[in-house]
Amino acid sequence: MVKNKGRYLLVMLLIVGLDQLSKWLIQSQLNLYGTRELLPGFFRLWHVRNPGAVWGILSQHSSGLVPKVITGLSILALGLVAYFFVRVEARCRLELLVFSFILGGAIGNIIDRLRMGFVVDFLDLYIGRHHWPTFNLADSFIFVGTILLAWALWRGTCTRF
């Protein structure tokens, strides 16, 4: 249950807050498609919108149904991760932190999708013309949480959810 998991809920809420604040700052300080070089040749802020899935998959699809399906699938995935968060024992600190990261990131992106129909992305890593897909803080926490989850599962101390 959620008993003794308050600090992890706080981590999750902090991630949602930081994600939404960062997206608000980008939208208020940088025009759509505007850029600000931070490390020339490697890293910049680039204000873009992603109506598609992860890494912009399906973002060019013309159907208005695609963003709705992606949002619905995101909410289902959120429910599944929340289920595991509730089920994991309070002693399983790494797993709880992992689920807090994933939940916080997922909620941050779902807020964007429900409010605007797209996700605000702005972190752009590149070398020359080769770019990693633009992402945001929520994506970062989901990614780190997923890597840590794989490690936690491999470690095997708290894998019975």
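Readers should treat all values here as calculations from the given coordinates under stated rules, not as data from a laboratory. A quick note: this is a predicted structure, and the numbers were derived from the prediction, not measured. Backbone-built Cβ (ideal geometry, glycine too); neighbour counts: all protein chains shown.
Here are a few things to note about the model shown:
- Cα gyration tensor, the range 94-138 - rounded (a/c under 1.5), prolate or oblate: oblate
- Scalar couplings 3J(HN,Hα) for the range 133-142, obtained by applying the Karplus form with A = 6.51, B = -1.76, C = 1.60 to θ = phi - 60°, are x, 4, 9, 9, 4, 4, 4, 4, 5, 4 Hz; x denotes Gly and Pro.
- Label-point separation in nm, Leu30 to Ala77, each point 7 Å along Cα→Cβ: 2.3
- Footprinting exposure proxy ranking of Glu37, Glu95, fewest other C-beta atoms within 10 angstrom first, gives Glu37, Glu95.
- Under a model in which nothing but the beta-carbon of Lys, Arg (+1) and Asp, Glu (-1) is charged, the chain shows a dipole of about 440 debye around its Cα centre.
- Other residues within the sphere of radius under 15 Å centred on the Cβ of Leu103, judged by their own Cβ, net out at 0 (K and R +1, D and E -1).
- For the chain, calculated [θ]222 nm from helices alone, where every DSSP H run of n ≥ 4 adds -39500 (n - 2.57): -19500 deg cm²/dmol
- The range 72-124 - percent relative contact order, Cα under 8 Å, separation 6 or more: 33
- Option label - P(r) over Cα pairs in 10 Å bins from 0, in percent computed here, alternatives (1) 9, 30, 26, 13, 8, 7, 5, 2, 1; (2) 11, 37, 29, 15, 7, 1; (3) 11, 36, 32, 18, 4: (3)
- You can think of it this way: the chain between Glu37 and His130 has 31.9 nm of extra reach, that is 0.36 nm per residue less the Cα-Cα gap.
- The fewest-to-most ranking of Tyr33, Tyr83, Tyr8, Tyr126 by surrounding Cβ atoms within 10 Å reads Tyr33, Tyr83, Tyr126, Tyr8.
- By other beta-carbon atoms within 10 Å, ranking Thr71, Thr157, Thr146, Thr134 with the fewest at the front produces Thr157, Thr146, Thr71, Thr134.
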